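> Mind having a look at this structure? Questions to follow.
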Amino acid sequence: MAAAVPPDALGRRVSCGTDYGTVRYVGSVSRTAGIWLGVEWDDPQRGKHDGSYEGTQYFRCRHPKGGSFIRPNKANFGVDFLTAVKDRYGLNEKQDVQCGTGDTVVFGTKTVEFVGMDSVAEQQRQVQLNKLVDISVRECAVSHAGQEEEISRMCANMRHINLSKNLISSWETIIAIASQVQNLETLNVSENKMRFPSTSTFTSSAFSNLKILALNQTEITWTEVLLCAQGWPVLEELYLSSNNITVLERPDNVLQTLKLLDLSDNQLLDGNQLHLIAQLPRLEQLILRNTGLSSIQFPDAGFGCKTKMFPSLKRLAINDNKISQWSSINELDKLPSLRALQCNNNPFTDTEKNPETLIQLIIAKISQLEVLNNCEILPAERRGAELDYRKIFGKDWLEAGGHWNPEKNKPSEEFLAAHPRYPTLCLKYGAPEEGELKGRQPLTLKNQLLTLTIKCPEKPEQKPVEKKLPESMTIQKVKGLLYRLFKIPGSELKLSYESSKLEGKEVELDNDLKPLQFYSIESGDCVLVRW
């Protein structure tokens, strides 16, 4: 007997084994008997053609081999929400007790008859369903809401629902389910290729308490996001990864409560798209991983000034992009609230071979940064980075018109564009002295290495440690190394050394900017660490 085809099969999502697709055609195919479903598969490798057969185009696919015909009995059109919940949590009729025929239960070899057994089991199931607060029916073939008001009757206490990777075909189905969940706070409907409203429609109250919404891999556009957002009055987190979103629009009167926005894995047209969402007043976290960004600019603010864009943004992720110029990192210092940044895997990071120097440059360029690539920036690390930055680019500053005399200090616009924080660092630490301006001296094997013994007099249980350090290493960098070695803040360290040739004489290492060689330290000497 042929399987029945749902009357609304066209456009429905189906599964066949582990493959997912969308029904694009229902009907006969030439020179064959019976009804066929023309399916466009999510994975084009599952298909055989573009929807045509023997010269006739029955349906169209985005991929030339993304479609095929299957019989209706091979297609799974899915189940209603409650059926999936009961199956997932073992609350369907078959899993209650070992049942005999009629209202009987088998205990060993005895059969006992119960009057009204079905109604009692149903009541027990309802009690158990009503206890569920956090429900996941991921990959349970959910395709529709089911009977009206049945969800609200059976699952009154649900707050968090995971509906990802099911067979949901339209946003209306999501509304039909959510409207029966009074206190819904978290909803994940990712990996459902759905149809969304294309024009402004009646705004449902289904999402009046919704705070977190995941719409990853749903093929939603930004225009559709803004239309649906009229029904998300208190939404705080919105995840839109992998939706082929390329252009943004200004969200007028919607998404005003948003604190987190994830646009990762969408290839945005250009960095100017960000200006269109820059006025979201409460946005604290923006995830732009792998969005094709090649530059970031905030043209409303000049050198050393703060932008009015993204006023609340604290955490920004721009890793895995195409940012090649340090000018984009300079621009990030204009964000008034930025505290944490992820920027791995961008071409600009290839311009500096020493990873430690790379981190120092980023820290020095962004004044308020507290976390870089998930690592906390300690006060001593910031101080060292800023001092080194001031020294490294000191020659460039002088050549560009910089001067120790404030009246003669007039660095060029080009220098300020490349190093907008340099004047601030000079005010903070003083202009670099001439003896410091030797340019960059990367640590190489050519530097003479000193073999030193490190001791902690205040921590006698700590065994002395032997280290090989370049004689050109500054005291500030030595402190940073010792912080990591002994887990104590570098800014609190007091260093001195005892010469192996002059027993009992202790020399203070009191200038963070001086290299070890300045103090005539030699191999075999002992560095003393106090705090």
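> Where nothing but the Cβ of Lys and Arg (+1) and of Asp and Glu (-1) is charged, how large is the charge dipole of region 178-321 around its Cα centre, in debye to the nearest 20? Walk me through the numbers before you get to the answer.
Values: 11 positive and 14 negative charges, 66 e Å.
Here the size comes out at about 320 debye.
> So how far, in whole Å, is the C-alpha centre of region 191-225 from the one of region 489-531?
What the calculation gives is 64 Å, centre to centre.
> Could you pull out every whole DSSP H run in the chain that spans at least 18 Å of Cα extent along its own axis and averages 1.6 or higher on the Kyte-Doolittle scale?
Helix filter hits for the chain: none.
> Would you please give the residues with an amide H less than 5 Å from that of GLU370, counting only those at least 5 places away or on a separate chain, with H modeled from the backbone geometry?
ALA340
> Accessible area per residue of the chain at 1.4 Å probe, in Å²?
On the way: 27570 Å² over 531 residues.
Counting only protein heavy atoms, the per-residue value for the chain is 52 Å².
> Next question. Mind checking which aspartates and glutamates have their C-alpha under 13 Å from LYS65, skipping anything on the same chain fewer than 8 residues away?
Cα-Cα hits under 13 Å: GLU40, ASP42, ASP43, ASP50.
> Please arrange THR56, THR18, THR186 by accessible surface area, largest first, computed with a 1.4 Å probe and ligands excluded.
Most to least solvent-accessible, the answer reads THR18, THR56, THR186.
> Another question, then. Amide H to amide H under 5 Å from GLY66: which residues, 5+ apart in sequence or cross-chain, H placed 1.01 Å off N in plane?
HIS49
> Between GLU522 and SER28, what is the label-to-label distance in nm when each label sits 7 Å out along the Cα-to-Cβ direction?
The modelled label-to-label distance comes out at 10.4 nm.
> Keeping all protein chains in position, work out how much accessible area THR474 exposes to a 1.4 Å probe, and write it in Å² to the nearest 10.
That residue has around 10 Å² of solvent-accessible surface.
> Computing the accessible area with a 1.4 Å probe over protein heavy atoms, can you report the carbon and sulfur percentage for the chain? Mind dumping the intermediate values first?
Working: 13590 of 27570 Å².
So the carbon and sulfur contribution to the accessible surface is 49 percent.
> If you don't mind, there's one more thing I want to ask. Towards the positive end of the charge dipole of the chain, with charges on Cβ (+1 Lys, Arg; -1 Asp, Glu), say which of LEU283, ASN346, LEU10 has the farthest Cα.
Of the candidates, ASN346 comes out farthest on the positive side.
> Going from most exposed to least, what order do LYS259, LYS468 have by accessible area with a 1.4 Å probe?
Values: LYS259 80, LYS468 135 Å².
Solvent-accessible surface, decreasing: LYS468, LYS259.
> What pairs in LYS410/LYS477; LYS259/LYS322; LYS193/LYS259; LYS365/LYS428; LYS165/LYS259 have C-alpha atoms more than 21 Å from each other?
Numbers: LYS410/LYS477 31 Å; LYS259/LYS322 26 Å; LYS193/LYS259 26 Å; LYS365/LYS428 14 Å; LYS165/LYS259 26 Å.
Result: LYS410/LYS477; LYS259/LYS322; LYS193/LYS259; LYS165/LYS259 exceed 21 Å.
> Roughly how big is region 260-346's charge dipole about its Cα centre, with Cβ charges of +1 (Lys, Arg) and -1 (Asp, Glu), in debye to the nearest 20?
For region 260-346, the charge dipole is close to 280 debye.
> As a check on your grasp of the helix formula, calculate [θ] at 222 nm for the chain: sum -39500 (n - 2.57) over DSSP H runs of n ≥ 4, divide by the residue count, round to the nearest 500. Don't skip to the end; give the middle numbers.
Details: 12 runs with 106 residues, N = 531.
Helix-only estimate at 222 nm: -5500 deg cm²/dmol.
> Ordering LYS455, LYS334 by accessible area with a probe of 1.4 Å, largest first, what comes out?
LYS455, LYS334
> Calculate the dipole size of the chain relative to its Cα centre from +1 charges on Lys and Arg beta carbons and -1 charges on Asp and Glu beta carbons; express the result in debye to the nearest 20.
620 debye
> Turning to a different aspect of this structure: Taking the full set of protein chains and a 1.4 angstrom probe, give the accessible area of TYR53 in square angstrom, rounded to the nearest 10.
Approximately 80 Å² of TYR53 is accessible to the 1.4 Å probe.
The values are calculated or read from the model by the stated rules, or taken from the named source; none is laboratory data. Small disclaimer: the values here were computed from a predicted structure and weren't measured. Cβ: placed from backbone, ideal geometry, glycine included. Neighbour counts: every protein chain shown. Side chains included, ligands, DNA and RNA excluded: accessible areas come from the protein's heavy atoms. Shrake-Rupley method; radii C 1.70, N 1.55, O 1.52, S 1.80 Å.
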